[in-house]
Structure formats: C-alpha cells, structure tokens
Amino acid sequence: MVEDGKEHPDYSVLGEHGRRCKSFVPQLTRVLAMGHRSSPNGRLRGVLRSAVLEVHDLLLAAYGPQNWWPGDTPFEVIVGAVLTQNTAWRNVAQAIGNLKRENLLEPKALLHAEPDRVKALITPAGYYNVKYDRLMNLLRFLDGQGMDLEKLRRLPLDELRAGLLEVKGVGPETADSILLYAFQRPVFVVDAYTRRLFFRLGYEWMERASYDEVQRFFMEALPRDTSLYNESHALIVVHNKDTCKKKPLCEGCCLWSLCPARR
Ligand code: SF4
C-alpha cells in the first residue's frame with residue numbers, strides 16, 4: 001500500500017478496529033512483523049487481541065461452537081491425539097471405535113494388551129507400528145504416574161508439558177492437544193492450519209517461525225482462557241478444511257473482508 005509517497009504495510013488484516021488504531025501503526029508494524037520475537041506492551045497487546053479475536057468471532061459466527069474434542073473420556077482424547085497424527089479424523093474414529101468395542105480404551109487394559117491385537121485394531125488410523133509404539137510410550141509415562149489422570153491434571157502446567165514432551169513420539173502439537181482437550185489446561189494448539197490461515201491473513205512470519213514462537217504470539221495476544229483456546233483451534237481447523245483449503249474457496253468466506261490473500 002502506498003501513502004504519502006511511502007510504502008506502508010497493508011493493515012486491512014486488523015479489520016476496522018486496527019484501522020481505528022492508526023496511532024499504533026508504527027509500533028504495530030514491528031509487532032506484527034516480529035511478534036514471535038517480542039512481547040507486545042499493554043496497548044499493543046490490546047490491538048493484537050482485538051485483531052485475533054475478530055478472526056475468532058467471525059469464524060464462530062460462521063461455523064458455530066464446535067464442542068471439541070470428540071471423546072467420551074480424557075483417556076480417549078489422549079489416544080485420539082496420538083492416532084490423529086498424519087491422518088483424517090474419520091480414520092481415527094474408526095480405530096477408537098475398534099478399541100472401545102474390545103474394552104481397550106482404558107489405560108491398564110491397553111498397556112497390557114497383546115501388541116498384534118492392538119495394532120490390528122488401530123490399523124484404520126495408519127502407521128500402526130509407529131502409532132502403537134507412541135501409544136505404549138505414552139502409556140508407560142502415565143503408568144509412571146500411577147495411571148492417575150486426575151493427579152496429572154493437577155500438576156503445574158510447565159511440569160506436565162515437559163513430561164509429555166519427554167515421551168518419545170510426542171511433539172508439541174500432540175502434547176498441547178492433550179493438555180488442552182484432555183486436561184483442560186490453557187494452552188494454545190498450533191498446527192499447519194493455524195500457520196496457513198494466519199499467513200494468508202497477513203502474518204507472513206508464521207510460515208517460517210518455530211512452533212513455540214507462533215504459540216507465544218497467540219498466548220500473548222489472547223487471554224489465558226481454556227474455552228477460548230479450545231474453540232479457537234477447533235474453528236481454525238474447520239475453516240481450513242471447509243473453506244481456506246490448500247486451494248482456498250474465497251467466495252463467501254467469512255474472513256473475506258479482512259483477508260489480504262482473498263481472491
Ligand atoms: S478469503 Fe480466501 S484466503 Fe482469505 S481466509 Fe478466506 S478462504 Fe482463506
């Protein structure tokens with residue numbers, strides 16, 4: 001965008017609220033460009049919060065509450081978080097249905113079940129050897145805590161997250177999904193959909209930023225609110241699957257008015 005003979009970034013990503021905050025623009029430029037490296041002060045955090053909440057509110061109005069995560073118990077959510085790696089949810093649902101039918105959606109029963117039996121049951125989720133190993137690693141971690149999920153839920157967040165990340169095969173996205181959806185802890189889950197959507201909305205640095213940098217941005221921009229993080233991640237996933245696909249369906253998109261990448 002060219003104004004006064006000088007080139008300025010396009011702030012349309014911030015929507016009407018951002019446009020009303022022109023006095024913040026120079027600082028905001030730095031924060032949006034380097035948001036993953038710097039912590040915004042109170043006023044800037046307010047602007048960023050409005051911008052990110054505006055996206056959230058538009059998604060919520062378009063798709064409604066998602067009521068995530070699909071799972072009857074925290075343990076089912078934990079198993080689902082491992083099985084969903086690199087596969088569609090419908091395949092995970094089939095694998096979970098198989099485990100449930102065999103009464104194996106219980107930590108001790110699953111840990112001690114015959115490996116080939118478990119692998120056969122989780123086959124619909126793909127990569128069954130890898131996922132079996134990851135499930136067992138996680139179960140051994142839980143076993144080390146007495147299989148007491150309630151006790152785990154009460155651990156300090158940093159301690160619990162560090163413990164999960166030490167489990168072989170559990171990366172930040174899986175650990176944070178477990179923290180948020182199984183243990184109801186206020187952690188923002190970042191995935192490829194988050195990066196793609198916000199890249200298109202003008203936060204281009206997210207494409208190359210680390211997981212922790214992107215997560216820090218959202219957790220500094222948004223209030224620490226488990227329900228908000230729960231709904232926000234779910235809505236981002238749904239929007240990417242439904243509309244902002246690899247080849248986006250911009251016509252009729254609920255974010256069209258504030259999206260610099262609209263076609
Ligand atoms: S306008 Fe297009 S690119 Fe932008 S968020 Fe919507 S679908 Fe994605």
Hey, if you drop one equal point scatterer on each alpha-carbon of the range 43-120 and run the Debye formula without solvent, what base-10 log of I(q)/I(0) do you get at q = 0.17, 0.27 Å⁻¹?
-0.74, -1.26
Taking the alpha-carbon distance from LYS119 and a cut-off under 19 Å, which lysines remain once sequence neighbours fewer than 8 residues away in the same chain are dropped?
LYS100, LYS108, LYS131, LYS168
Summing Lys, Arg as +1 and Asp, Glu as -1, what charge do residues with Cβ under 15 Å from the Cβ of TYR181 carry, TYR181 excluded?
-4
Separation between the ASP225 and GLU166 pseudo-spin-labels, each 7 Å from Cα along Cα→Cβ, expressed in nm?
3.5 nm
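Pulled fully out, how much extra length does the chain show between ARG208 and ALA62, if you take 0.36 nm times their separation in residues and subtract their Cα-Cα distance?
Values: separation 146, 0.36 × 146 = 52.56 nm, distance 2.88 nm.
Full-extension gain reported as 49.7 nm.
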Radius ratio Rg over Rh of the range 74-182, counting only Cα atoms, Kirkwood formula for Rh:
0.94
Are there trypsin sites (Lys or Arg not before Pro) in the range 152-217 that DSSP marks as loop and that have at most 15 other Cβ atoms within 10 Å, and which are they?
ARG154, LYS168, ARG208
Sparse-neighbourhood loop sites, GluC sites (Glu not before Pro) in the range 121-227 - DSSP loop, at most 15 other Cβ within 10 angstrom:
GLU166
Interatomic Cα distance distribution for the range 148-212, bins of 5 angstrom, percent
4, 17, 25, 20, 14, 11, 7, 2, 1
Candidate cut points under chymotrypsin sites (Phe, Trp or Tyr not before Pro) in the range 168-211, DSSP loop plus at most 15 other Cβ atoms within 10 Å of their own Cβ, are none
Nearest-0.05 FRET efficiency for PHE141 and THR73, computed from C-beta distance (R0 25 Å)
0.90
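How would you classify the range 147-263 from its alpha-carbon gyration tensor, with a ≥ b ≥ c the square roots of the eigenvalues: rounded for a/c under 1.5, else prolate if a/b is greater than b/c, otherwise oblate?
Prolate shape, in that a/c is at least 1.5 and a/b is the bigger ratio.
Would you mind ranking MET147, MET206 so that the residue whose beta carbon has the fewest other beta carbons within 10 Å leads the list? Provide the component values of the computation, followed by the final result.
Details: MET147 15, MET206 22.
Going from least to most buried by this count: MET147, MET206.
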Please list, in chain and number order, the residues 5+ apart from GLU102 or on another chain whose amide H is under 5 Å from its amide H, with Hs placed from the backbone.
none
Arranged by the count of other C-beta atoms within 10 angstrom, fewest first, what order do CYS244, CYS250 take?
CYS250, CYS244
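Please work out the FRET efficiency for the pair ALA109 and ALA88, using the Cβ-Cβ distance as r and a Förster radius of 25 Å; give the result to the nearest 0.05.
The formula returns an efficiency of 0.40 here.
Since every read-out is calculated from the coordinates, none of them should be taken as a lab result. Since this is a predicted model, take the numbers as computed values, not measurements. Cβ atoms come from the backbone with ideal geometry, glycine included; neighbour counts cover every protein chain shown.
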